[in-house]
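The values are calculated or read from the model by the stated rules, or taken from the named source; none is laboratory data. Only a predicted model underlies this, so the values are computations on that prediction, with no experimental measurement involved. Cβ sites come from the backbone with ideal geometry, for glycine too, and all protein chains shown count toward neighbours. What goes into the accessible areas is simple: the full protein's heavy atoms, side chains included, and nothing from ligands, DNA or RNA. Shrake-Rupley method; radii C 1.70, N 1.55, O 1.52, S 1.80 Å.
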Amino acid sequence: MNMFIKYSVIGILWLLVLTKLQSQSKPNILFIPVDDLNHWVEFIKRNDQVKTPNLNRLVKRGVSFTKAYSPGTSCSPSRTAIMSGMRPSTSGSYKNKDNWKDYVKEGTALNHILKNNGYNTYATGKIYHNQNGDYPSGWTENYRAKVKKHSSPNSKFKSKDRKSEGYSTIVKTTVTDTDISDWYMVDYCKEKLMQKHDKPFFLACGFIKPHLPWIVPQKYYDMYPLEDIKIPPYLKNDLDDIPPTGKRIGYGVNEHKKIVENNNWKIAVQSYMATISYMDMNLGRLLDAVEESPYKDNLVIVLFGDHGWHLGEKSHWRKFTLWEEGSHTPLIWSIPGVTPKNKLCDKPVDLMSLFPTICELAKISRPSYVEGTNIMPLLKNPNTLWDKVAITTHDLNKHAIRSEHWRYIKYSNNSEELYNHKNDPYEFENIAALPEMKFVKEKLKSYLPKTNTPSLPESKTTKRHK
C-alpha cells in the first residue's frame, strides 16, 4: 500500500470514529405535544381541582414554565409554527383548514433537520395537524395508532355517551382505557425506548386527549364529583369593554349562552378535567417506560400543550382567542445534566423556542429561517434575567404580546386590549384606553411582528414552496 492510500484510509477511519463519537454525544429526545391541553395543570395552579400526578412527576425532573404561550390559537397554525420555526405571521398559515404543507417547504421542518443531521425520527399521534397529511421523508417511522379491539360493541366514541362532545347530560360511558388510541401510542413509544438504536433518536409522542370528544372511561369522571365542581372565575358583563373584533373571534357568547341555559357548565368542566386525567394516566405509563429504558440518563424530555382552551371564561369556549385562556399552556423540560430538578420558571416564553433550543441541544446549526428564542439560559438557571416576551397570533395582523405582567392585544383594525396581570389575572378590565397606559402600550407594540403575510387564497392549489 503506498503512503497516499495508507493515510487516506487512516483519515477515513478517523472520520468514521469522529462521526460515531459526535453521534453518541447527541442526546435522545422525547417530544410530547398534548392536544388542547390548557393551563389547568397542578403546577400552574390556575385550577385547584385538576389532578395531574404524572405531570407532577415530570415537573420534578426539570424546569417547568408557568408563563408559556402558543404561537397560534388553534391546532394547525400553532403546530405548523412550532415545527417549521416560522411564526404564523411569517408563513401565512393562520387557520386549521389551511393545508400546512402549502406553507412549509419539504425538508425544512424540525424533524427533517434532525433526520438530516444524524437522528432517527419516530412519530406517533398528533404532531402536525394530521388531517392535512405529512411529509413521509421527515420520519424514519410514523406509526398511526388505532384501537385494536373495542372492549364492547358500545364502547366506540358515540354521541350517545356524551352528547355535544361533553356539553350535555351525563350518561355513563362504556369505554375502557384501551378503547382510545392514545393507549397504543404509548405502547409504541415503550417499544422504541426499549430498542437498541445505532443513532440518536427523536421520538415524538403526540397525545390526542384532552381534545374533543371528551369521552373517556367513567372512572376519570368519578374523580371529579359533579357536586364539587367549581366553574372558573367569570363576570357576566366581562365583554362590555372589549372591541367588537375581539367579541367576534372564537366560539363566543352564542355557545356560552347555550351551555348556561342547558345547565351544562359544570358538566363540561368535569368532562374536560376527566379527559386531562386520562392523558395524565398515559403520561405515567410513558414515564414508567423512560425509567425502565437504557436511555433514561441520556434522554431530553419536553412536554407542551399546543394552545389554550376556554371553559366559559370571558363567555368563550374552545380556543381561537388572543386572551390568556386561549394561549396559555404548560411547558416542561427535563435535560439530564442541564436542568435543575423541580424548578419553576415564571419568565414569559412562547413555543417558538422549541426549534432553536432543540438545535442547540442536538449540536445542529440553527437554520436561518427559524424564529423564536433559544431558552437554554432559562433551562440552566430559571432565575436568569429575562427581557423577552411571548407572541401569539390569530389570523392576519392580529397579535397578543405577553410580558411578565402585561398582555397587550392589537387587532387588524388597530383596536386594542391591555391587561395588568399583577392585579387582574383573569383579564376582567381592559385598560387600553387609559391615557397613563400609553407608555406601556408603546413598549409592548415594539414587539409586534413586522411581517404579516396574507394566507393563500382558498382556491389556490399550487404550493407556495416548490
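Data overview
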| read-out | value |
| --- | --- |
| When residues of region 320-362 are limited to those that are part of a strand (DSSP E or B) and under 15 Å from residue 388 (Cβ atoms), the one nearest to the chain's Cα centre (by Cα) | 331 |
| Identity of the residue in region 199-219, open to solvent by 50 Å² or more (accessible area, probe 1.4 Å) and not in a helix (DSSP H, G or I), that ends up farthest from residue 83 (Cα to Cα) | 199 |
| Yes/no for residue 255 being in a helix (DSSP H, G or I) and within 30 Å of residue 414 (Cβ to Cβ) | yes |
| Residues (more than 18 Å from the chain's Cα centre (by Cα) and open to solvent by 10 Å² or more (accessible area, probe 1.4 Å)) located in region 94-111 | 97, 98, 99, 101, 102, 105, 106, 107, 108 |
| Condition met for residue 308 (touching a residue at least 60 places away in the same chain (Cβ under 8 Å), under 23 Å from residue 239 (Cβ atoms), part of a loop (DSSP other than H, G, I, E, B) and of a type outside the set (Phe, Trp, Tyr)) | yes |
| Residue count, region 373-384 (criterion: open to solvent by 20 Å² or more (accessible area, probe 1.4 Å) and in contact with a helix residue (DSSP H, G or I) (Cβ under 9 Å, 6 or more places away or on another chain)) | 3 |
| Considering residues of region 43-81 that are open to solvent by 10 Å² or more (accessible area, probe 1.4 Å) and either at pLDDT below 95 or charged (D, E, K, R) (or both) only, the residue nearest to the chain's Cα centre (by Cα) | 67 |
| Residue list for region 220-252, filter: open to solvent by 60 Å² or more (accessible area, probe 1.4 Å), assigned to a loop (DSSP other than H, G, I, E, B) and of a type in the set (Phe, Trp, Tyr) | 234 |
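Every residue, every condition in (1) open to solvent by 60 Å² or more (accessible area, probe 1.4 Å); (2) of a type in the set (Ser, Thr, Tyr); (3) at pLDDT 85 or above; (4) touching a strand residue (DSSP E or B) at 6+ places or on another chain (Cβ under 8 Å), yes or no:
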{"residue": "124", "(1), (2), (3), (4)": "no, yes, yes, yes"}
{"residue": "138", "(1), (2), (3), (4)": "no, no, yes, yes"}
{"residue": "148", "(1), (2), (3), (4)": "yes, no, no, no"}
{"residue": "151", "(1), (2), (3), (4)": "yes, yes, no, no"}
{"residue": "156", "(1), (2), (3), (4)": "yes, no, no, no"}
